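Since the structure comes first, as structure tokens, the remarks are kept for the end.
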Ligand SMILES: C[S@@+](CC[C@H](N)C(=O)[O-])C[C@H]1O[C@@H](n2cnc3c(N)ncnc32)[C@H](O)[C@@H]1O
């Protein structure tokens, strides 16, 4: 079902302008844009400090990144979300709570190389990315090799990807691709909410829904070799 466009979307996006770094793609051909267009973020200028930078891809309504940024005041966070209607909720949350260490990119993750300097990110968070079970959709999965190569380029030495999902086939697929693409899987749980990581876990909007239905949550940490 298509989500109805939010009321006064453009005016509200404009009000969040100070925390929005990029919007849309410089051109329709995302591959070409990712290879040619550069508007690399100056982190010091953006955040006013040299703290490590973390990235959430597909941040949805921003519940996770807002909570993590409040916990980790000495880190900076970039939150990427394709859908303007959705990222607006995340930005309004961060703006209302005056959280200083989060910025947003309303772009497809495919063009992240346009904005992120190589080897500049400490952690990539992938929370409940759409599993896209059809083979024909494999390239769109956020843990497919083309995305893992992209994360590999922007991650600093020893950087990690932290993935959570409700989908076991997608989880197994991701573990396989991490290993194939130069990552070492260093943590795995197939029932996060009954594991040692449950206490520190920040529950996302989608996660809340799955957990309320009694479904197990899968979590992995993969480190760049
Ligand atoms: C299933 S939702 C999960 C939202 C949130 N992470 C959570 O756990 O509640 C996946 C989100 O990823 C976004 N997304 C999917 N593919 C994307 C891409 N290539 N680039 C940026 N965002 C993407 C979608 O628009 C959607 O909001």
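Just so it is clear, none of the values below were taken in a lab; they were calculated from the coordinates. Note that the coordinates shown come from a computational prediction; the quantities given were computed from them, not determined experimentally.
Between 15, 141, 44, the residue with the greatest mean-square fluctuation in the GNM of the chain (Cα pairs under 10 Å linked by springs) is 44.
Can you give the helix-only mean residue ellipticity at 222 nm for the chain, where every DSSP H stretch with n ≥ 4 adds -39500 (n - 2.57) and the sum goes over all residues, rounded to the nearest 500 deg cm²/dmol?
Details: 8 runs with 72 residues, N = 225.
Calculated from helices alone, the mean residue ellipticity at 222 nm is -9000 deg cm²/dmol.
Semi-axes of the equivalent ellipsoid for segment 123-225, computed as √(5λ) from the eigenvalues of its C-alpha gyration tensor and ordered from largest down, come to 22, 17, 11 Å.
Let a ≥ b ≥ c be the square roots of the eigenvalues of the Cα gyration tensor of the chain; is it rounded (a/c under 1.5), or, if not, prolate (a/b larger than b/c) or oblate? Rounded is the answer for the chain, as its axis ratio a/c remains below 1.5.
Across the chain, the relative contact order, built from alpha-carbon pairs under 8 Å that are at least six residues apart, equals 20 percent. Remark on segment 1-105: hydrodynamic radius 14.5 angstrom, per the Kirkwood mean of 1/r across alpha carbon pairs.
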